[in-house]
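J.: Once you've had a glance at the structure underneath, I'll fire off some questions.
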Amino acid sequence: MFFAVFLLTLGYGVSFPLLAIRLEQSGVGAARIGLNAAMPALGWLLVMPLLPRLHHHFSTKQLLLAFLTISLLGLTSLAASHRLDVWLSGRLAFGGGIGMLFRVLEYWLNATAPTAIRGRIIGIYAFCFLLGIAVGSLLQPQFGTVGVTAFAAVGLPMMVGGAVLAALSIDRILTNQDSAPISTRTAATVAPLAVAAVICYGLYEDVPAYLLSVYSLRVGMGTDIAAYTLTAYAFGNLIGAVPLGILSDKLGRAPVLSGCAAVGMMCALVLPMSASTSQTYLLIIALWGACAGALYAVGLAMVGDHFSGQALISANALFGTVYAAAALVGPLINGAAMQLWDPHGLLLSCVVIFAAYLPVAAFVARRNQGLDTSQWEQSG
């Protein structure tokens, strides 16, 4: 399973700098680049409410392979056209399909991971995910940004990853005895810290994936450093994924989430001052990646702590929907901020995102102190 995750994200990692640099070289403005980056989240929003029903009618493996097929079809359209409208629809299918694939995988991992080591398991998943992103973005300059080779470097690893998934034994989790579905309000009340964390991460996610490479170009760095920003972010994320997951198993999810948000805010504040030295610049981005990525991974583990069975499917759908909504709005806000104050408005937007999490997390923690969630936790 983890090897398949690596292969899928290897191709996905090539696509991030490839698509961003192609748009920048075409003269597309930051706001339109942000709009393009928002398309995957729109796809998630369209499909996520259907996930509980899809889980009921199809096996986990069938869903995984179907979403992968949609993603590869979207990639084909991106390779075949230079028109912005085609790229918008292509990004909708490509990013939306692969994103939904990972939402299904994350549900499966959460449902099967023991509570005592759930943070570690999700951390290993995040490690493999980001390792693929890091290697892919590191290799992207070797394939260029034009021609069939550039897009084949995205599609081929994803196809091999799909073949590995097809060969694995991935069974349906639900049984008739599992807990009943829950409402969105109940899920948000039981795990509010997870919801707040994924909102923060969703608003921020497009920054290292797309806009940070554009920011780097506009502060005078070369295309190699622009491409390596995602590598640095992913490297920091993968190095921090397992230790922060283990730390959340031992200390609790909430303090780890709050600490990561605080460090994420500080990284956004100091990054502009480091732009004159590429090594320091990339090092800060790596630290940023370690802490920002934990907001999603530890938040996901928190959802698994509180729910099981069909309740977990409902909670996972809420988690994914909130993430998708934030990821849809985030690129628009970040791209507009960058265009209003070119280019440093991007990092000001990031400071606000991470800073806003801290008082929300403190308030929710106090409000929900002592809340009994045992009826939704996994038994045993």
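Values quoted throughout were computed directly from the atomic coordinates according to the rules given, and no laboratory measurement underlies them. Keep in mind the model is a prediction, meaning the values are calculated, not measured. Backbone-built Cβ (ideal geometry, glycine too); neighbour counts: all protein chains shown.
J.: Being surrounded by fewer than 19 Cβ atoms within 10 Å (Cβ to Cβ) and within 17 Å of the chain's Cα centre (by Cα) narrows it down to one of L45, L65, so name that one.
T.: Just a single option satisfies the conditions, and that option is L45.
J.: Could you say whether any residue in the range 75-95 is crowded, with 17+ Cβ neighbours inside 10 Å, out of contact with any Asp or Glu (no Cβ under 7 Å at 6 or more places or on another chain) and β-branched (V, I, T)?
T.: Within the range 75-95, not a single residue is crowded, with 17+ Cβ neighbours inside 10 Å, out of contact with any Asp or Glu (no Cβ under 7 Å at 6 or more places or on another chain) and β-branched (V, I, T).
J.: Can you name the condition, by its number, that T280 falls short on among (1) farther than 30 Å from G144 by Cβ; (2) of a type in the set (V, I, T); (3) without any contact (Cβ under 8 Å) to a residue 40 or more places away in the chain?
T.: (1)
J.: Can you name every residue in the range 323-353 that is crowded, with 23+ Cβ neighbours inside 10 Å and farther than 16 Å from L212 by Cα?
T.: Of everything in the range 323-353, those that are crowded, with 23+ Cβ neighbours inside 10 Å and farther than 16 Å from L212 by Cα turn out to be Y323, A324.
J.: Here is a further query. Tally the residues that are touching a residue at least 40 places away in the same chain (Cβ under 8 Å) and touching a Ser or Thr at 6+ places or on another chain (Cβ under 9 Å), restricting the search to the range 64-88.
T.: Adding up the residues that qualify gives 5.
J.: Hey, could you check the range 306-315 for residues that are within 19 Å of I117 (Cα to Cα) and crowded, with 24+ Cβ neighbours inside 10 Å and say which is farthest from the chain's Cα centre (by Cα)? Full working, then the answer.
T.: Of the range 306-315, the ones within 19 Å of I117 (Cα to Cα) are 306-309, 312.
Now drop any that are not crowded, with 24+ Cβ neighbours inside 10 Å, which leaves 307, 312.
Values: F307: 21, L312: 19 Å.
Ranking the candidates gives F307 first.
J.: Follow-up question, since we're still on this one. Within the range 282-311, which residues are in a helix (DSSP H, G or I), out of contact with any Leu (no Cβ under 9 Å at 6 or more places or on another chain) and of a type in the set (G, A, S)?
T.: A286, A292, A301, A311
J.: For the range 9-16, indicate whether the set of residues that are surrounded by fewer than 24 Cβ atoms within 10 Å (Cβ to Cβ) and not polar (S, T, N, Q) is non-empty. Steps first, please.
T.: Step one: filter the range 9-16 for residues surrounded by fewer than 24 Cβ atoms within 10 Å (Cβ to Cβ), giving none.
No: the range 9-16 contains no residue that is surrounded by fewer than 24 Cβ atoms within 10 Å (Cβ to Cβ) and not polar (S, T, N, Q).
J.: Of all helices (runs of 4 or more DSSP H) completely enclosed by the range 183-253, which ones contain at least 2 residues that are under 30 Å from E24 (Cβ atoms)?
T.: On the way: elements: 184-190, 192-204, 212-218, 223-251.
Output list reads 192-204, 212-218, 223-251.
J.: Could you list, in sequence order, all residues of the range 290-300 that are aliphatic (A, V, I, L, M) and more than 15 Å from P192 (Cβ to Cβ)? Explain how you work it out, then say what you get.
T.: Here is the first cut: in the range 290-300, the ones aliphatic (A, V, I, L, M) are 290, 292, 294-295, 297-298, 300.
Once the filter is applied, which keeps residues that are aliphatic (A, V, I, L, M) and more than 15 Å from P192 (Cβ to Cβ), the range 290-300 yields A290, A292, A294, A297.
J.: OK, next. Got at least one residue in the range 279-288 being surrounded by fewer than 23 Cβ atoms within 10 Å (Cβ to Cβ), within 20 Å of the chain's Cα centre (by Cα) and more than 24 Å from Y233 (Cβ to Cβ)?
T.: No: zero hits.
J.: Let me ask something else about it. Can you tell me which residue in the range 253-277 is nearest to P343 (Cα to Cα), limited to those that are surrounded by 15 or more Cβ atoms within 10 Å (Cβ to Cβ) and without any contact (Cβ under 8 Å) to a residue 24 or more places away in the chain?
T.: Ranking the candidates gives S274 first.
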